[in-house]
Amino acid sequence: MASFKRNQFGGPITVPKFYNGEGRTFFFIDYGGQHGRAAGNAFHTAPPRWSVPAIFRHQYGALRLTLDLEMTRLDPSRPGFFIADAFPANRIPTNRTCLIGLQAQSYYPLPNASGLPFTRQQNLVLHDAYPESQDRLE
């Protein structure tokens, strides 16, 4: 919970080596401000957890095959072209995943919403307080 705070501004006018208004000349500033925080929802896009298990399901509304590029071979029906097979069950085996990538994913929050159709963007909804400030200086 926020605490009550009050700020008042004013003081003597002094110009070093020129004028010392201590006890004679003062200034005051009329300042009005209201600082509050309002609760609201924010929609963000979080990366989906693809790596555990390493499966790439849907992207832009369609199933995407994950190809095993280590098993690339020449295409017998088209000379000069290559073909690759998809991973079994479209899953990358855990022994072939990048450990640094897995650790980096732990810093991202998990999606908590389904997101927009096809793109799956805005799949993370956060409830937070956002500043609402009004300042007036006269």
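Distances between placed amide hydrogens fall under 5 Å for ALA86 paired with ASP68, all partners being 5 or more residues away or on another chain. Fewest-first ordering of ASP135, ASP75 by other beta carbons within 10 Å of each residue's beta carbon gives ASP135, ASP75. The chymotrypsin sites (Phe, Trp or Tyr not before Pro) of the range 71-138 that meet both conditions, a loop assignment by DSSP and at most 15 other Cβ atoms within 10 Å of the site Cβ, are PHE81, TYR107, PHE118. Overall shape of the range 76-138 was characterised from the C-alpha gyration tensor. The equivalent ellipsoid obtained from it has semi-axes of 46, 18, 14 Å, in decreasing order.
Here the Karplus curve 6.51 cos²θ - 1.76 cosθ + 1.60, taken at θ = phi - 60°, turns the phi angles of the range 73-82 into couplings of 9, 5, 7, x, 8, 9, x, x, 10, 10 Hz, with x standing for Gly and Pro.
Values quoted throughout were computed directly from the atomic coordinates according to the rules given, and no laboratory measurement underlies them. Given the structure is predicted, the values throughout are model-derived calculations rather than measurements. Here the Cβ is made from the backbone with ideal geometry for all residues, glycine too, and neighbour counts use every protein chain on show.
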